[in-house]
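The values are calculated or read from the model by the stated rules, or taken from the named source; none is laboratory data. Not measured: the values here are computed from a predicted model. The accessibility values were calculated without ligands, DNA or RNA, using every heavy atom of the protein model including side chains. Shrake-Rupley method; radii C 1.70, N 1.55, O 1.52, S 1.80 Å.
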Amino acid sequence: MSASGGTKAIVAALLANLSIAVAKFVAFLFSGSSSMLAESVHSLADSGNQGLLLLGGKKAQREATPQHPFGYGRERYIYAFLVSIVLFSVGGMFAIYEGYQKIKHPHEIDHWYWPVGVLVFAIIAETFSFRTAINESNVLRGKQSWKEFVRHAKAPELPVVLLEDLGALVGLILALGGVSLALATGDGVWDGIGTLCIGVLLILIAIVLAAETKSLLLGEAAGVEEVKKIEAAIVDGDTVTGIIHMRTLHLGPEELLIAAKIAVEHDDTATEIAAAINAAESRIREAVPIARVIYLEPDIYSEAEAAKGSDGEAAPSGPAKPAEH
């Protein structure tokens, strides 16, 4: 669901940005506005970013290989990180350079109706794209705030498109303000100041995106609610009496690895333990469908052995979570 929603939002943003980029560049040619040039490069960079997200989603669907036994799910994180680099370098740094040049060598804006008309059109188109991203995100966001959704979403596409569209809308308002002030005062410096503000905005958004996607690339655990479901599914109160310790890791937005050491009774037979592990794996997959790779290791829980470890959770016989029965 998150993948299809993300794709719809990406395609909507791509179509909007391509049309806006062309319109902005035509307006720049007629008016000479540096804000329009910065915004046309911004829209072009955004279009390339959406292409990167689509490419990452396609590559992530490849089957696992002996060299990559856990598949290619993290391709989506890699391409989302590339988006932040493109936004920083192509969008932000170019806008700052162009704004500096315009402030240093200001000139009046020609044919004012071109930039103003294009900016109004761009705001309408970006609003449509932003609205699509919001609607698709609401399907997955649940009760989370927007800040929590951007910070904790495991699928990177929707947060990336949301931040890009938000940055584009604010950037358009800044560009419209710079152009309007330049026209009202007859001083092209205001156009350059608007361009500088756009560059700073894009760099800030790029930094946020880089920080969030870096965390995903390093490997994030399952969410709190998913962990609770997994713990409840593992323990049956009969053969599996508790969880000694457990680790989870996202191999991709919809792929979860689970490794746990489970407590069993010392007199259980190998056949009983094997059957209990198979049943626990089935319960986990039913409770958390994205659980693709599961490793459950049986052990005999010992309070004496657990007490020897400096870190109870990491100790070979760390504290077992009791059965909830």
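Translational diffusion of segment 96-149, estimated by Stokes-Einstein from the Kirkwood radius over alpha carbon pairs at 37 °C in a medium of 0.692 mPa s, is 224 µm² per second. Among the protein heavy atoms, those of Asp268 account for about 40 Å² of accessible surface (1.4 Å probe, every chain in place). Multiplying each eigenvalue of the alpha-carbon gyration tensor of segment 1-133 by 5 and taking the square root yields semi-axes of 35, 17, 9 Å, largest first, rounded to whole angstroms. Ligands, DNA and RNA are left out, and with a 1.4 angstrom probe the accessible area of the chain is 48 Å² per residue.
If you run the Gaussian network model on the chain, springs between alpha carbon atoms under 10 Å, then out of Ala153, Ala276, Ala23 the most flexible one is Ala276.
Each residue of segment 136-148 was assigned a 3J(HN,Hα) from its phi angle through the Karplus expression (A = 6.51, B = -1.76, C = 1.60, θ = phi - 60°), giving 5, 5, 4, 4, 9, 5, x, 8, 5, 6, 5, 5, 5 Hz with x at Gly and Pro. Couplings 3J(HN,Hα) of segment 88-102, computed from phi: 5, 7, 6, x, x, 5, 5, 5, 5, 4, 5, x, 4, 5, 6 Hz, in residue order, whole Hz [Karplus 6.51 cos²θ - 1.76 cosθ + 1.60, θ = phi - 60°; x for Gly and Pro].
At a 1.4 Å probe radius, carbon and sulfur cover how many percent of the accessible area of the chain? For the chain, the apolar C and S fraction of the accessible surface comes to 64 percent. Listed values for segment 75-84 are Karplus-derived 3J(HN,Hα) couplings in whole Hz (6.51 cos²θ - 1.76 cosθ + 1.60, θ = phi - 60°), namely 4, 5, 6, 4, 5, 5, 5, 4, 4, 5, and x replaces Gly and Pro.
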